[in-house]
């Protein structure tokens, strides 16, 4: 896995989630497995199969979080006129009236509804390094989109 840029807040949130999964959730799943085993025949035991699937999902999430946190590089939003991680950018589609505001974040923090765009996404990647007044374009399934940067915070 390559280096993942992440905010301090998200790093702390993921660390807390990992701790919760390792301690509380693992124990809960182990108890469910033990209960399901006590019901008898494991080959036709739906509770046991469900608990095994849950255990797999928990272990998979733990492994993912460990990899993210191991390769995380914490970045802080800097006051700059250039778009970078943590920057809040207001853009307007060229030829359109609607203005949109986005914050550039890491992949784990992305939430388009909240206006948080990953720097890995086509839009986020196109914004990086740009300044107020710059025009840029990026490719989407609907074709090439062209925007102008109105504000960088």
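Within the stretch 56-68, identify whether any single residue is assigned to a helix (DSSP H, G or I), assigned by TED's automatic domain parsing to the domain that holds residue 11 and more than 20 Å from the chain's Cα centre (by Cα), and answer yes or no.
Yes, there is a match, as at least one residue in the stretch 56-68 is assigned to a helix (DSSP H, G or I), assigned by TED's automatic domain parsing to the domain that holds residue 11 and more than 20 Å from the chain's Cα centre (by Cα).
In the list 59, 47, which residue meets the criterion of being at pLDDT 95 or above, surrounded by 13 or more Cβ atoms within 10 Å (Cβ to Cβ) and on the phi < 0 side of the Ramachandran plot? It would help to see each step written out before you state the result.
Numbers: 47 fails: at pLDDT 95 or above.
Just one listed residue meets the conditions, 59.
Could you tell me which residue of the stretch 105-142 is surrounded by the fewest Cβ atoms within 10 Å (Cβ to Cβ), considering only residues that are in contact (Cβ under 8 Å) with a residue 24 or more places away in the chain and assigned to a loop (DSSP other than H, G, I, E, B)?
Start the filter on the stretch 105-142 by keeping residues that are in contact (Cβ under 8 Å) with a residue 24 or more places away in the chain, which leaves 105-109, 119, 127-132, 135.
Narrowing the set further to residues that are assigned to a loop (DSSP other than H, G, I, E, B) leaves 106, 119, 128-130, 132.
On the way: 106: 24, 119: 22, 128: 14, 129: 11, 130: 21, 132: 15.
Checked the stretch 105-142; the qualifying residue surrounded by the fewest Cβ atoms within 10 Å (Cβ to Cβ) is 129.
Name the residues in the stretch 121-152 that are at pLDDT below 90 and closer than 20 Å to residue 74 by Cβ, would you?
Residues satisfying the conditions do not exist here.
Hey, among 145, 90, which residue is surrounded by 11 or more Cβ atoms within 10 Å (Cβ to Cβ), over 30 Å from residue 25 (Cα atoms) and touching a residue at least 60 places away in the same chain (Cβ under 8 Å)? Explain how you work it out, then say what you get.
Numbers: 145 fails: touching a residue at least 60 places away in the same chain (Cβ under 8 Å).
Matching residue, one of 145, 90: 90.
The values are calculated or read from the model by the stated rules, or taken from the named source; none is laboratory data. None of the values given here were measured: they were computed from a predicted structure. Ideal geometry is used to build each Cβ from the backbone, glycine not excepted, and the neighbour counts take in all protein chains shown.
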